[in-house]
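Report on one structure; see the data block that follows.
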Amino acid sequence: MVRKSFILLMLLAAQTLGCSGGETTPGPSGPEVPGTSGKLSGEPVYVASADELKALGNLTAGSVVIWRNGTYADQTVELKSAGTAENPVVLRAETPGKVLFTGTSRLSVSGTHAEVNGFWWRDPEPVKGKAVVTLAKGAEKCALVDCAVTGDGTREDTSIDTKWVSLYGSGHRVEGCTFRDKRNIGTLLVVWLETGITPGHTVRGNRFERPVTLYDGKGKAINGQETIRIGTSDFSMQDASCTVEDNYFYHCHGEQAEIVSNKSCRNLYRRNLFVECQGSLTLRHGNSCTVTGNYFVGNGMAGTGGIRLIGEGHTVERNYLEGLAGTGYRSAICLVRGQQDAPLNGYWQVKDARVCNNVVTGCKYGLNVNYASSGSDQVLPVVSTVIANNTVSALSSGYAVDCTTPPAPDIAWEENILYGRQRGVSLPAVTTAPVKPNVQPAMDAIREGAGCSWKTE
């Protein structure tokens with residue numbers, strides 16, 4: 001039932017509403033505020049419906065709106081913000097994790113400098129053409145913080161392609177959130193590119209789990225089940241300049257091929273942890289991306305992969321890859337053959353790549369160079385590339401280095417420590433497996449720091 005008035009509350013002592021924000025206790029009531037007043041500034045206001053929030057209108061800098069604890073079904077929430085960097089507009093749960101949205105509930109944020117904090121969308125029902133959370137076209141520097149979207153109680157559904165998070169505009173943050181068990185078709189989190197706009201979003205410190213894979217009638221994994229996609233084929237030559245860092249990916253099987261699908265230029269993937277994920281971080285389209293300081297742990301699970309490179313000018317450095325059982329495209333590090341005159345949605349030739357200072361240990365296939373699926377038209381080899389100072393230890397049943405076709409002469413193989421079989425090349429090798437570095441503390445730090453501050457189980 002929609003209330004017709006709002007209650008003014010005492011000014012909250014803390015306006016810093018980070019992931020660790022605790023329970024808020026309402027102060028004594030003040031005079032009534034007409035539902036059409038809108039444009040609050042400084043004075044926190046409690047709401048308990050999308051209609052009450054809408055009645056506030058466009059919120060000005062410093063406005064704080066607190067949503068009362070409870071479970072709310074089928075809420076279409078629209079937040080319109082005119083915040084600033086110094087004084088953002090904040091929409092937060094009364095207690096983090098105690099405001100639950102169910103059914104067809106969804107959120108759209110427009111304007112500038114808005115922060116949404118502490119909400120839980122539980123078992124969302126798919127709505128055609130609508131994401132659960134959308135940071136809208138034209139929005140700038142907004143944030144989704146300490147929130148969760150979980151689908152444990154939903155059915156598997158291939159009929160409606162929906163996203164959980166759609167990011168338009170520029171300069172947004174998705175930080176300290178938990179996304180678990182998406183069971184319908186469609187990418188979980190998408191960065192959409194628009195003409196003339198460099199998104200520059202940051203996806204940081206989140207926990208992702210997507211253990212369910214949906215198959216077609218022929219038993220093939222359906223395309224479009226990535227956990228994260230940045231860009232599309234049509235915009236793949238445009239700079240996105242997004243940062244994906246300090247995230248924990250666990251059992252992100254979805255598409256079985258691409259855990260993260262990069263389809264734009266100049267993105268940074270840094271210090272992420274992938275544990276038992278079937279698929280790879282795939283630089284599918286776009287150029288000049290950096291993959292650095294990430295951890296991939298397969299524990300021998302079938303189909304677990306590492307990093308796949310397609311395109312120009314990529315840097316893959318200082319990554320740790322252990323126990324990956326994938327082959328072909330899902331090798332620990334796979335540099336793919338390109339197509340002649342490749343279209344935007346094709347396989348661009350790998351050139352001017354740097355693959356340096358990575359540790360690959362106990363994997364089925366270590367460095368897979370010039371790979372392409374059987375019978376494909378991918379005929380252009382990897383060229384003008386440096387592969388240097390990597391330590392690669394392969395399983396006895398696999399290969400430390402596998403070159404499906406002979407490597408181009410302008411590939412610089414420098415100071416690599418290689419243990420295990422080689423195919424298509426004959427590079428200096430060692431006879432004793434290298435000692436594994438102790439990376440467990442670094443991985444534990446990422447795992448423990450990822451996800452929302454409250455429990456979603």
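The values are calculated or read from the model by the stated rules, or taken from the named source; none is laboratory data. These numbers come from a predicted model, not from an experiment. With ideal geometry, Cβ positions are generated from the backbone for all residues, glycine too; neighbour counts draw on all protein chains shown.
General observations
- Qualifying residue in the range 327-345 (condition: buried (at least 24 other Cβ atoms within 10 Å of the Cβ) and in contact with a helix residue (DSSP H, G or I) (Cβ under 6 Å, 6 or more places away or on another chain)): no
- Within the range 180-213, the residues that satisfy the criterion of being of a type in the set (A, V, I, L, M) and either surrounded by 17 or more Cβ atoms within 10 Å (Cβ to Cβ) or touching a Cys at 6+ places or on another chain (Cβ under 6 Å) (or both) are ILE185, LEU188, LEU189, VAL190, VAL191, LEU193, ILE197, VAL203.
- Unique match (being surrounded by fewer than 18 Cβ atoms within 10 Å (Cβ to Cβ) and either at pLDDT below 95 or under 18 Å from ASP402 (Cα atoms) (or both)) among ARG318, ARG354: ARG354
- Any hit, the range 144-153, residues being over 19 Å from GLN256 (Cα atoms) and surrounded by fewer than 20 Cβ atoms within 10 Å (Cβ to Cβ): yes
- Qualifying positions in the range 223-239 - of a type in the set (A, V, I, L, M, F, W, C) and under 19 Å from the mean Cα position of the chain (by Cα): ILE228, ILE230, PHE235
- All positions within the range 392-416 that are hydroxyl-bearing (Ser, Thr, Tyr) and in a loop (DSSP other than H, G, I, E, B): THR404, THR405
- Here the condition is being closer than 24 Å to PHE274 by Cα and either of a type outside the set (Phe, Trp, Tyr) or touching a Ser or Thr at 6+ places or on another chain (Cβ under 6 Å) (or both); of THR195, THR154, THR178, it holds for THR178 alone.
- Checking every residue in the range 123-139 against the condition of being farther than 26 Å from ILE185 by Cα and either among the hydroxyl-bearing types (Ser, Thr, Tyr) or touching a residue at least 12 places away in the same chain (Cβ under 8 Å) (or both) gives at least one match.
Listed here are the residues, each with its yes/no results for (1) crowded, with 16+ Cβ neighbours inside 10 Å; (2) touching a residue at least 40 places away in the same chain (Cβ under 8 Å).
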| position | (1), (2) |
| --- | --- |
| VAL379 | no, yes |
| VAL382 | yes, yes |
| VAL386 | yes, no |
| SER396 | no, no |
| PRO409 | no, no |
| GLU415 | no, no |
| VAL430 | no, no |
| LYS436 | no, yes |
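- Members of the range 414-457 that are over 30 Å from ASP123 (Cα atoms) and out of contact with any strand residue (DSSP E or B) (no Cβ under 9 Å at 6 or more places or on another chain): SER426, VAL435, ASN438, GLN440, PRO441
- Residues of the range 251-283 satisfying the condition of being in contact with a Phe, Trp or Tyr (Cβ under 7 Å, 6 or more places away or on another chain) and hydroxyl-bearing (Ser, Thr, Tyr): SER264, SER280
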